[in-house]
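Some notes on the structure that comes next.
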Amino acid sequence: MPPSSLLLAAPRGFCAGVDRAVLIVEKALEAYGAPVYVRHEIVHNKHVVESLRRKGAVFVEDENEVPEGEVVVFSAHGSPPEAFHNSKRLGHTLIDATCPLVTKVHHEARRYARDGRDIVLIGHEGHQEVVGTMGQAPRSMNLVETPDDVDTLDLPEDADVAYITQTTLSMDETSAVVDRLRQRFPMLQNPKKDDICYATQNRQDAVKQLAERCDLILVVGSQTSSNSKRLVEVSKDRSVPAYLVDEAAEIDPAWLEGVETVGLTSGASAPEVLVEEVIDWFRARGTTEVDTVMVIDEDVEFAMPSNLARKLQSSDPRSS
Ligand code: 0O3
Ligand code: SF4
């Protein structure tokens with residue numbers, strides 16, 4: 001028997017920062033022509049990267065691989081200052097697709113460092129966003145991932161500590177780390193506003209609602225996508241089995257045995273067309289009820305970087 005119903009999380013999929021980053025690469029290709037180099041995967045999604053590659057984007061991990069004078073877009077996750085310096089030295093036309101909400105965390109880090117504070121960054125070691133944020137104030141920065149990591153920090157109890165976080169963490173796990181930090185450093189300074197961004201929070205809240213009504217949750221997203229993996233964890237933490245799939249073809253029918261209601265969501269870097277394919281996959285197997293569980297309406301939008309906006313305006317025939 002196929003599952004009788006499919007519940008779709010809302011919001012799901014592209015956040016404002018991803019929407020902007022993907023559009024930046026597309027518009028840069030239009031304005032400058034191929035190739036446009038992209039430092040790191042623009043967002044952590046296999047399908048997005050493949051589709052931009054077909055349009056002429058060339059993905060590199062290191063800005064030094066980009067030939068002198070070429071156009072390069074820096075990924076949505078943010079990059080360390082050193083990468084900007086290298087790119088400038090090489091005479092690149094640099095378009096920065098760092099999400100403004102990641103840039104906000106970079107500013108916080110630099111301000112805390114200027115004020116002489118020790119910074120604790122909560123995040124995943126080696127992740128692109130963490131590399132970029134650590135680079136803002138490397139001498140003041142201490143990275144922790146779990147509550148136990150807090151106990152190993154080499155800082156005195158009266159240290160003037162401020163914490164910042166990766167934008168895509170699990171809200172529940174982060175608050176456990178913050179609790180431990182506050183026990184160790186009573187004077188701990190919070191970020192002014194949560195660093196875990198609105199999109200991360202909304203997608204996790206939506207999964208929490210789905211978990212109350214579903215026997216299984218599927219998350220569309222790539223294995224490299226941190227926020228997508230967190231959605232799987234949020235579901236499993238509520239004892240609802242969950243799987244991360246890049247596309248419908250990865251669904252294993254064995255997961256559906258005895259399952260009546262399936263929840264479906266997607267990470268912030270997963271295109272909606274892939275979710276639609278999953279919906280079609282279920283319909284083709286006899287699932288008839290498809291409903292949406294709406295948690296909150298999102299209306300966030302970010303402007304294009306000013307240098308790309310100027311270039312687009314000057315190459316628009318209507319502007320002359
Ligand atoms: O940071 P994460 O691995 O979740 O990145 P994605 O999957 O590309 O999603 C966009 C999030 C982002 C650019 C950083 O906040
Ligand atoms: Fe920006 Fe949040 Fe999207 Fe990251 S997940 S790109 S911080 S809006």
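Bear in mind that the values in this text are calculations on the coordinates, not laboratory data. From a predicted model like this one, the values you see are computed outputs, not experimental measurements. Cβ: placed from backbone, ideal geometry, glycine included. Neighbour counts: every protein chain shown.
Footprinting exposure proxy ranking of Val48, Val273, fewest other C-beta atoms within 10 angstrom first, gives Val273, Val48. Given the C-alpha centroids of region 239-314 and region 20-50, what is the distance between them in whole angstrom? The distance from the Cα centre of region 239-314 to that of region 20-50 comes to 21 Å. For region 20-88, taking Cα atoms only, Rg and Dmax work out to 11.1, 30 Å respectively.
Structural size metrics of the chain, computed from C-alpha coordinates, are Rg and Dmax of 21.1, 64 Å. As a calculated quantity, the FRET efficiency between Met1 and Ser315 at R0 = 51 Å, using C-beta atoms, amounts to about 0.35.
Please return the longest stretch of the chain lacking exposed loop sites, where trypsin sites (Lys or Arg not before Pro) count only if DSSP places them in a loop and at most 16 other Cβ atoms lie within 10 Å. Value returned for the longest uninterrupted segment is 1-191.
For region 198-262, GluC sites (Glu not before Pro) are listed when DSSP marks them as loop and at most 14 other Cβ atoms sit within 10 Å of their Cβ; the list is Glu257, Glu260. Taken about its Cα centre, region 68-180 carries a charge dipole of about 740 debye when Lys and Arg each add +1 at the Cβ and Asp and Glu each add -1 at the Cβ. Placing one identical point scatterer on every Cα of region 101-184 and ignoring solvent, what is log10 I(q)/I(0) from the Debye formula at q = 0.16, 0.27 Å⁻¹? Listed by q, the Debye log ratios stand at -0.55, -1.52. In terms of surrounding Cβ atoms within a 10 Å radius of their Cβ, Ile251, Ile164 rank from fewest to most as Ile251, Ile164.
Calculated [222 nm] ellipticity per residue, helices only, for the chain: -12000 deg cm²/dmol; basis is -39500 (n - 2.57) per DSSP H run with n ≥ 4, divided by all residues, nearest 500. Each residue in His124, His85 was given a count of other beta-carbon atoms within 10 angstrom of its own, and listing them fewest first yields His85, His124.
The calculated FRET efficiency for the pair Gln183 and Gln223, based on their C-beta separation and a Förster distance of 35 Å, comes to about 0.55. Here region 28-160 yields Rg over Rh of 1.05, to two decimals, using C-alpha coordinates and the Kirkwood radius. Set the bar at 28 Å for Cα to Cα. Now go through Lys55/Lys311; Lys27/Lys104; Lys46/Lys193; Lys104/Lys229 and name every pair that lies beyond it. Exceeds cut-off: Lys46/Lys193.
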